[in-house]
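These notes are about the structure you will find just below.
Read-outs throughout are calculated quantities, based only on the coordinates presented, and are distinct from any laboratory measurement. Please read all numbers here as calculations on a predicted model, not as lab measurements. A quick note on method: Cβ atoms are made from the backbone with ideal geometry, for glycine too, and the neighbour counts reach across all protein chains shown.
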Amino acid sequence: MTIFEKIIRREIPADIVWEDEDVLAFRDVNPQAPVHVLIVPKRVVPRLAETTEADQALLGKLLLAARAVAEKLDLATSGYRVVINSGPDAGETVPHLHVHVLGKRPLAWPPG
Ligand code: 5GP
């Protein structure tokens, strides 16, 4: 079981900022920006590379959740970045699909 499944099951604490029946959003324990939230599906999906057409609705929900979190945390006007790391070259460290939402500072491009 990944650390994110334990957070979803409330077996370990997290600073939860948003939730619905399908997804949970909580602050990253090692934030890379003043606002750094992770949005995860409650259903186990390892990574974007392993999603299928059957995950279309869930993937849409994750992006809509990112927008909702950004609005709730006052990022809509200043701007924010949405990131999904899939696989080793992207630096994925937790094999449970997650969307990063980063904001409240200017973010460089291209990413490192
Ligand atoms: P990845 O590198 O896989 O895209 O992102 C994983 C993220 O999970 C990292 O930004 C890391 O800081 C975060 N993370 C790892 N363990 C925990 C934890 O126990 N709690 C929280 N809130 N975030 C975690």
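Per residue, the convex hull spanned by the Cα atoms of the chain measures out at 108 cubic angstrom.
Under the simplified labelling scheme, the A76-V29 pair shows an inter-label distance of 3.3 nm, with each label point 7 Å from Cα along Cα→Cβ.
Using the Cα centre as the reference, give the magnitude of the dipole from point charges on the C-beta atoms of the range 45-112 (Lys, Arg: +1; Asp, Glu: -1; all else neutral), rounded to the nearest 20 debye.
Values: 7 positive and 7 negative charges, 73 e Å.
Charge dipole of the range 45-112: 340 debye, to the nearest 20.
Here the chain carries DSSP beta bridges of which approximately 100% are antiparallel, counting only pairs with both residues inside. The mean sequence distance of close C-alpha pairs (under 8 Å, at least 6 residues apart), as a share of the length of the range 17-92, puts its relative contact order at 26 percent.
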